[in-house]
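The values are calculated or read from the model by the stated rules, or taken from the named source; none is laboratory data. Please read all numbers here as calculations on a predicted model, not as lab measurements. Glycine also receives a Cβ, built like all others from the backbone with ideal geometry; neighbour counts cover every protein chain displayed.
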Amino acid sequence: MPFSGKSKNKPFVYLFALALAGLLLITGGCRKDKSYQDDRNAAELYADAKQSIDNRSWARAIQSYKLLQTRYPFGRYTEQSMLDLSYAYFKAGEPQGALSTLDRFIRTYPTHPNVDYAYYLKGLVNYEQNLGFLERMMPTRISDRDQSSARDSFMDFAELIRRYPDSRYVPDARQRMIFLRNNLAAYEIGVAEYYFRRKAYIASINRARYVLEIYPNTPETPAALVVMHKAYVELNLPALADSSWDVLALNYPDNYYVQGNKSKRSWVERWGDRLWPFD
């Protein structure tokens, strides 16, 4: 068979053609990128981002604020844009982005006139994480879920009140802290009752005592005393059981547990009268 140089070089021709086509695509893409240049200054970028916030276009606002901070890392718009970006993250359902941006703002601008808003927004982000859609629909189920975000929110609001007691955000923060404290106490009581059902009486008592010490004067205070009384009875510690009962009966005489054990308490009172019949 005669030698054919054309057929021998055919694969190389194909490879060269493919390489050339790829090069043309790359250079064409580069020319396309160069043909579009966003020449907007910091003021224009900030105005566009603010307009997106007003229109509730959270994704576009996030993109614009990030572009502003990348191009103009210093300047009059940079500081405020970090707060606005945090808010956009928050409304877009991206709490981690909001929290990390707020932490960076607080570290970078600790004396900024709006730093109190940063603390407030941190508390609000964590507060909303604790609620969620299902909790809005079924508020009685809030205490069933993990409470780490609620604790973080409580601490954020507490830090705001401690650092900036005259801030305009303090009244709202206080109201939210009341709700959070009650919610956290209810969660602890739920855990204490779970331990009691599992016959882990010491753990149950510790949880109930924690409620009394850390979240005093909440609606869960009588529930904590009930748990402690029942657990001490199961542990055969009558002195401690009576002490819990005395506090409960004195401060919450209308409590269901007190009303349901009136006969028992009357016997104790009659027994006490026999020991000291001089009143």
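Tell me which residues, restricted to region 39-60, are closer than 19 Å to TYR72 by Cα, outside any helix (DSSP H, G or I) and touching a helix residue (DSSP H, G or I) at 6+ places or on another chain (Cβ under 8 Å). Within region 39-60, just ARG40 meets the criteria. Taken as a whole, the structure places LEU235 among residues that are within 18 Å of ALA200 (Cα to Cα), exposed (fewer than 15 other Cβ atoms within 10 Å of the Cβ) and modelled with pLDDT of 95 or more. For region 153-181, a residue qualifies if it is of a type in the set (Asp, Glu) and surrounded by fewer than 18 Cβ atoms within 10 Å (Cβ to Cβ), and the qualifying residues are GLU159, ASP166, ASP172. Restricting attention to region 182-229, the residues that are touching a helix residue (DSSP H, G or I) at 6+ places or on another chain (Cβ under 7 Å), surrounded by fewer than 19 Cβ atoms within 10 Å (Cβ to Cβ) and hydroxyl-bearing (Ser, Thr, Tyr) total 1. Only a single criterion out of (1) on the phi < 0 side of the Ramachandran plot; (2) modelled with pLDDT of 90 or more is not satisfied by GLY93, namely (1).
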